[in-house]
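The next block holds one structure in the form of structure tokens; read it before the comments.
The values are calculated or read from the model by the stated rules, or taken from the named source; none is laboratory data. Here the structure is a predicted model, which means the values were calculated and not measured. Here the Cβ positions follow ideal geometry from the backbone for every residue, glycine too, while neighbour counts run over all protein chains shown.
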Amino acid sequence: MMNISGGNLKKAGLYLLIILSIARFAVVPAQTAVGKRTALVEDYLNTYASKSDLLQRYLAVDVSDDPGLNNELAALIYPKGSNRTAIQTDIVNLITKTAEANTLTVQNFQLIEGTEDAVLTEASVMVRIQGQLKPMYKFFKTIQDTKPLLRIKSVEINVQEKSYVTKIVLTGYIRKI
């Protein structure tokens, strides 16, 4: 057998304590991070499952059998085969007219490449508008009530001297089915 003296035993115990402490501080945060990421993946899976279920329900609805539903969809989103650039141009024209009617100034706009999926295609426009808050509120109300529907994806408001500059991303949807 090996003979361990008292001084060596204390050193070995100290080294073992240091190694276990370092391992604890390395393993516990890693385990916590893995737990958080696992929860995030589970949330993504649940979201995906619910979206997949909604897509399957949507695809199961035969629009051609129900003319009322077909007319309602036609009023809410752009029809199948619509040109994305033409829709973006229409959105810019609508925004410009609505802004001028509400004494707002369109500073600039940008046509944004939207996403496509099996059911819908996005036609997005980013626009910067300058003016006061009350006319801006009226502008948003008018945009909200337009048909086909336009979704306000993001709004960023910045104060500039005595007015406000608002950056808005608006999206119209084109039916693919």
Let me spell it out: the conditions are (1) of a type in the set (Ser, Thr, Tyr); (2) in contact with a Leu (Cβ under 7 Å, 6 or more places away or on another chain); (3) closer than 21 Å to Ala75 by Cα; (4) crowded, with 16+ Cβ neighbours inside 10 Å, and Thr121 meets all of them except one. Which number is the exception? (2)
Can you tell me which residue is surrounded by the most Cβ atoms within 10 Å (Cβ to Cβ) among those in the range 124-140 that are farther than 18 Å from Asp90 by Cα and not polar (S, T, N, Q)? Met136
Kindly establish whether Gln160 is surrounded by 12 or more Cβ atoms within 10 Å (Cβ to Cβ), in contact (Cβ under 8 Å) with a residue 12 or more places away in the chain, polar (S, T, N, Q) and farther than 30 Å from Arg57 by Cβ. no
Out of the helices (runs of 4 or more DSSP H) lying entirely within the range 67-177, which hold 2 or more residues that are of a type in the set (Val, Ile, Thr)? 84-101, 133-144
Checking Ala101 against (1) assigned by TED's automatic domain parsing to the domain that holds Ile129; (2) of a type in the set (A, V, I, L, M); (3) farther than 16 Å from Met126 by Cβ; (4) under 23 Å from the mean Cα position of the chain (by Cα), which single condition isn't satisfied? (4)
Restricted to the range 104-118, and to residues that are touching a residue at least 40 places away in the same chain (Cβ under 8 Å) and under 15 Å from Val169 (Cβ atoms), which residue is farthest from the chain's Cα centre (by Cα)? Gln107
